[in-house]
Amino acid sequence: MAVKTKKTAASRSSAKSSIKSASTKGSKNVKYVYTWGAGKADGDGGMKPLLGGKGANLAEMTRIGLPVPPGFTITTEVCTYYYANKKTYPASLQTQIEAGIRNMEKIMGTKFGDASGFPLLVAVRSGARDSMPGMMDTILNLGLNDQTVVALENATRNPRFAWDCYRRFIQMYGDVVLGVQKREGEDHEPFETVIHTYKHEVYHEDIEDSKLTAGDQQELVKRFKALVKERTGKVFPNDPWDQLRGAAGAVFGSWMNDRAIVYRRKYNIPTEWGTAVNVQAMVFGNTGDTSGSGVAFTRNPANGTNEFYGEFLINAQGEDVVAGVRTPEPVAELRKQMPKSYAELLKVRAILEKHFKDVQDIEFTIQEGKLFMLQTRNGKRTAAAALKFSIDMVKEKLIDWQTAILRNPADQLEQLLAPIFDLAEVKKAKVIATGLPAGPGAATGKIYFNADRAVSAAEKGEKVLLVRVETSPEDLRGMIAAEGILTARGGVSSHAALVARQMGKVCVCGAAAIQIDYDRKVATVAGQTFAEGDYLSIDGTAGTVYAGQIKTAPSEIIAGLLHGNKAAQKTQKYKDYAQLMAWCAKATKLQVRTNADTPEQAANAIAFGASGIGLTRTEHMFFEGDRIDAMREMILADTLEAREEALAKLLPYQRADFFGIFKALKGFPATIRFLDPPLHEFLPQSKEQQMDLARKLDIPVEKIMTRVHELHEFNPMLGFRGCRLGIKYPEITRMQARAVFEAAADALKKGIKAKPEIMIPLVGFKKELDLQVGIVHETAKAVQAEKKVKLTYSVGTMIEVPRGALTADEIAQTAEFFSFGTNDLTQTTLGMSRDDSGSFLGAYQENEIVKKNPFASIDQTGVGELIRIAIAKGNATRPGIKLGICGEHGGDPDSVKFCHRVGLAYVSCSPYRVPVARLAAAQAAVEEAFAAAKNAPAKKKK
């Protein structure tokens, strides 16, 4: 960082000579540093893009009169500049930082680098726009060196405190800035290994850090410096301004570290946002028994209960609480130990919720009885907590119901539908350990004690539990891969708990009865030893640990919706979910249909609130029972008569299937796609299977082998499939149309409304559709005459090849609706095979060629542009043409919101994704309404 010391002319010269800045035109006029303190702040809570979440909220807390230590934020623009200019800084930044330090010195009455009095010490923290807990770096007690530590000792008359701060600083700075971290294959942090070794040398046991004496801390400072010299080949920096420069550079550098990149990719945080750097005056929770630090939530982030929830440690700094090295006490215990500070915290809790109108995650320090607020942010929460928060806050009139819809992350909603342990099975199982319930739900899996091994096992298809003494940010990949997380140490605000809650992972923290031996790869608990690869089960709602595997049962919501379980329907979670979905129905414009091939799937989707079927894949019906044999007869037939004879065997099966679907839909429409996959997929490929079929059909096996050879394609995705099958073999289309219309006629006669929408796949030319639609209409006319009924139906097409989108105006002359088949449209637009892209898509995301997997979330720039073109052209020919989407993207929240913006009538997704799509569709409508209200011109006062 381009800053200079004020101690001597020589040191000023030294600092200036090491500055790496680049002057830019106009950079002197740009404000890069925003200060706060003493009730005043340059920024405010609405400046998160510039100041990051932490900096903006520190400024906002200062403005509303809360006790916040002074400091300043270096903006995200500097991070962007840093990476765009070969890791250099704007020329004017140095001067602005010096002014920021002077402002802190003035407010605190101390001097940075002062060796004669109480020195100003600072904390340096990251601060991205969206909170990324534990992913980037923090350094506390910066400014200490061999001289200022003595000044701190003399000023406080507390040598243990002074040397404890210095030891902590060397450890954090050594880790974050100098890179003294565990090496590949190591399970313990090197500084922690030094502490552990020293404790056992002197005390012969692993005593708490708070019991180490001043002499112990001094010895550890020496050993830590020796470790730094051994690992880096350099001495630990003594100049506070050099320390500040290194720390700020490390925070900017941590924006591109592996764990931050993995986290951003998982949560779709753009790299270009960058991070801010916050430099804040230190206050100290480690001065003795009248001091402490804590982390708390204004409500319970695991289950949503309206209780002040968190933990604290006496005589500790904030990192001790979240690091999981010591298991803290519940924050409610503070009422007994520091009643005055606890009462102040409760006031702050109320002020923050009233001001921010959301649950807050706060960090605080009490220094000799005085409360300081170090951070507030919207608290990360589980889906269950998010649901309860939103419902309760509407009842409390803190927020309106539209805001409540936005408060439930659509991509987390599936957590509410996840299985729980079967109560009968749990009663038989024995609890072997208990811990803190940090992430609700049930998880069973093979245990792994190392993140890399957990990832490898998960990639092989194993269900994995990551079991650690405590987790650190380096474990992120293993946490993502695991079904659940179990730690022996740490509390409800530890790294494991915080990250698990956000990811929706089942988590039990602080199960102290579990002894983990990383070297032997075993865990010992309740007299039993579990090796890596053995099964454990954890209940993150109750905080219990069980040996072996336990069966799961449907969640309360699934039990209530799909199984009509009365007890489940009486639970608060079910009632809250029902209320949320009622609000979604009230807000949404975009309908949600389902992809369903059976009556059972259709019925489930309707129970979830689907408004019909957007895709029935008729080919899936051919694989049931003996009907595959009739399908194979048709494919192997040499003549039209033989094909029609085989198709006649399939007709009653298809008719019965469609009737069942119409019945399950209760009058909602069903979009039925005619045969799409290439014919070779229905024939056996191995010699043994071919011989079995030959015997069954009483034909020579050579005939089957010849037909398989004839149907072989080098690129079947672009081959003989979709409407091309119906054009070459119109009898297939005729049979399917007859099955649909006869089923609809039978339904009508039994008082069941049937609304078939026939969809012709893979159309790129208008003539293709014309030929197929002609057969459909001809068949409909015949069936209506035979059955003496009037059928209501429509015929449309899937837009799934670029030519179909580009000629949508022509195709719309015939098509009554379009459904975008985004699975194939993505393949044909990007020239990527969905089945084969896994070998390189990871590298594409790491290099940010694509921000997300385009087969999971719509490529809105490329594929999205084709969709927009097709919509415009289709509407130009047929105004108000019905438009939908039926690819897997229909259940992706970002894709759903895109579909709302471009004006589709519906999205279609798998049954269990219907609630997610409904929530995302409602959020899109609410966001649009809020934006319109915000941009509306203010009404003139009369």
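The values are calculated or read from the model by the stated rules, or taken from the named source; none is laboratory data. All values reported here derive from a predicted model rather than from experimental measurement. Here Cβ is always computed from backbone atoms with ideal geometry, including for glycine, and neighbour counts include all displayed protein chains. Surface areas here come from the heavy atoms of the whole protein model, side chains and all, with no ligands, DNA or RNA. Shrake-Rupley method; radii C 1.70, N 1.55, O 1.52, S 1.80 Å.
Yes/no per residue for (1) without any contact (Cβ under 8 Å) to a residue 12 or more places away in the chain; (2) of a type in the set (S, T, N, Q); (3) open to solvent by 20 Å² or more (accessible area, probe 1.4 Å):
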site	(1), (2), (3)
Glu810	no, no, yes
Gln813	no, yes, yes
Thr826	no, yes, no
Leu830	no, no, yes
Ser833	no, yes, yes
Ile849	yes, no, yes
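Within the range 585-599, which residues are at pLDDT below 95, of a type outside the set (S, T, N, Q) and open to solvent by 10 Å² or more (accessible area, probe 1.4 Å)?
Asp597, Pro599, listed by residue number.
Sort out which residues of the range 111-140 are acidic (Asp, Glu) and either in contact with a strand residue (DSSP E or B) (Cβ under 6 Å, 6 or more places away or on another chain) or open to solvent by less than 30 Å² (accessible area, probe 1.4 Å) (or both), and write them in order of number.
Hit for the range 111-140 is Asp137, nothing else.
Tally the residues that are touching a residue at least 24 places away in the same chain (Cβ under 8 Å), out of contact with any Phe, Trp or Tyr (no Cβ under 9 Å at 6 or more places or on another chain) and under 16 Å from Cys165 (Cα atoms), restricting the search to the range 214-259.
1
Checking the conditions here, which among Phe622, Phe608 is of a type in the set (Phe, Trp, Tyr), touching a residue at least 24 places away in the same chain (Cβ under 8 Å), farther than 24 Å from Leu883 by Cα and open to solvent by less than 10 Å² (accessible area, probe 1.4 Å)?
Answer to the selection: Phe622.
From the residues in the range 233-250 that are open to solvent by 10 Å² or more (accessible area, probe 1.4 Å) and within 36 Å of the chain's Cα centre (by Cα), which one is farthest from Asp175 (Cα to Cα)?
Arg245
What do you reckon, is Arg264 open to solvent by 20 Å² or more (accessible area, probe 1.4 Å) and in a helix (DSSP H, G or I)?
no
Output the residues belonging to the range 534-556 that are under 13 Å from Lys430 (Cα atoms), small (Gly, Ala, Ser) and not in a loop (DSSP other than H, G, I, E, B).
Ser537, Ala547
When the residues of the range 723-742 are filtered to those that are aliphatic (A, V, I, L, M) and touching a strand residue (DSSP E or B) at 6+ places or on another chain (Cβ under 8 Å), which remaining residue is nearest to Pro652 (Cα to Cα)?
It comes out as Val740.
Could you say which residue among Glu757, Glu742 is out of contact with any helix residue (DSSP H, G or I) (no Cβ under 8 Å at 6 or more places or on another chain), closer than 22 Å to Pro599 by Cβ and at pLDDT 95 or above?
Glu757
Only one of Gly884, Gly903 is at positive phi, at pLDDT 95 or above and either among the acidic types (Asp, Glu) or over 23 Å from the mean Cα position of the chain (by Cα) (or both). Can you tell me which?
Gly903
Any residue at all in the range 365-384 that's over 19 Å from the mean Cα position of the chain (by Cα), farther than 22 Å from Gly45 by Cα and in a helix (DSSP H, G or I)?
no
In the range 142-185, how many residues are over 33 Å from the mean Cα position of the chain (by Cα) and either closer than 19 Å to Val279 by Cβ or not polar (S, T, N, Q) (or both)?
Summing the residues that are over 33 Å from the mean Cα position of the chain (by Cα) and either closer than 19 Å to Val279 by Cβ or not polar (S, T, N, Q) (or both) in the range 142-185 gives 23.
Can you tell me which residue is most open to solvent (accessible area, probe 1.4 Å) among those in the range 290-333 that are more than 32 Å from the chain's Cα centre (by Cα) and modelled with pLDDT of 90 or more?
The residue in question is Thr290.
Within the range 334-358, how many residues turn out to be open to solvent by less than 20 Å² (accessible area, probe 1.4 Å), assigned to a helix (DSSP H, G or I) and out of contact with any Ser or Thr (no Cβ under 7 Å at 6 or more places or on another chain)?
4
Working only within the range 751-789, note down all residues that are part of a loop (DSSP other than H, G, I, E, B), under 47 Å from the mean Cα position of the chain (by Cα) and not aliphatic (A, V, I, L, M).
Gly751, Lys753, Pro761, Gly764, Phe765, listed by residue number.
Looking only at residues that are open to solvent by less than 20 Å² (accessible area, probe 1.4 Å) and touching a strand residue (DSSP E or B) at 6+ places or on another chain (Cβ under 8 Å) in the range 548-565, which one is nearest to Val464 (Cα to Cα)?
In this case the residue turns out to be Ile550.
If I filter the range 251-261 for residues that are open to solvent by less than 10 Å² (accessible area, probe 1.4 Å), at pLDDT 95 or above and either not assigned by the TED database to the domain that holds Tyr89 or not in a helix (DSSP H, G or I) (or both), do I get at least one hit?
So far as the range 251-261 goes, no, none of its residues is open to solvent by less than 10 Å² (accessible area, probe 1.4 Å), at pLDDT 95 or above and either not assigned by the TED database to the domain that holds Tyr89 or not in a helix (DSSP H, G or I) (or both).
Restricting attention to the range 508-527, report how many residues are out of contact with any strand residue (DSSP E or B) (no Cβ under 7 Å at 6 or more places or on another chain) and either open to solvent by 50 Å² or more (accessible area, probe 1.4 Å) or among the charged types (D, E, K, R) (or both).
The total comes to 5.
Please find, among Ile447, Ile420, Ile391, the residue that is among the β-branched types (Val, Ile, Thr) and modelled with pLDDT under 95.
Of the residues listed, the single one that is among the β-branched types (Val, Ile, Thr) and modelled with pLDDT under 95 is Ile420.
Given the range 420-501, what strands (runs of 3 or more DSSP E) lie entirely inside it while holding 1 or more residues that are of a type in the set (Val, Ile, Thr) and either outside the structural domain of Ile514 (by the TED database) or open to solvent by 10 Å² or more (accessible area, probe 1.4 Å) (or both)?
It comes to 431-434, 442-448.
Please determine, by comparing only the residues of the range 54-99 that are small (Gly, Ala, Ser) and open to solvent by less than 10 Å² (accessible area, probe 1.4 Å), which one is farthest from Leu352 (Cα to Cα).
Among them, the one singled out is Gly71.
Of all residues in the range 141-152, which are crowded, with 23+ Cβ neighbours inside 10 Å and touching a strand residue (DSSP E or B) at 6+ places or on another chain (Cβ under 7 Å)?
Leu142, Gly143, Thr148, Leu152 - these are the residues of the range 141-152 that are crowded, with 23+ Cβ neighbours inside 10 Å and touching a strand residue (DSSP E or B) at 6+ places or on another chain (Cβ under 7 Å).
Test of understanding: among Ala642, Ala648, Ala602, Ala582, which residue is of a type in the set (A, V, I, L, M, F, W, C), in contact (Cβ under 8 Å) with a residue 24 or more places away in the chain, open to solvent by 10 Å² or more (accessible area, probe 1.4 Å) and in a helix (DSSP H, G or I)?
The match here is Ala648.
Is it true that some residue in the range 755-776 is surrounded by fewer than 24 Cβ atoms within 10 Å (Cβ to Cβ), of a type in the set (Val, Ile, Thr) and more than 21 Å from Pro652 (Cα to Cα)?
Yes, some residue in the range 755-776 is surrounded by fewer than 24 Cβ atoms within 10 Å (Cβ to Cβ), of a type in the set (Val, Ile, Thr) and more than 21 Å from Pro652 (Cα to Cα).
Among the helices (runs of 4 or more DSSP H) confined wholly to the range 57-174, which include 1 or more residues that are within 19 Å of Val33 (Cα to Cα) and of a type in the set (Val, Ile, Thr)?
Answer list for the range 57-174: 76-84, 93-108.
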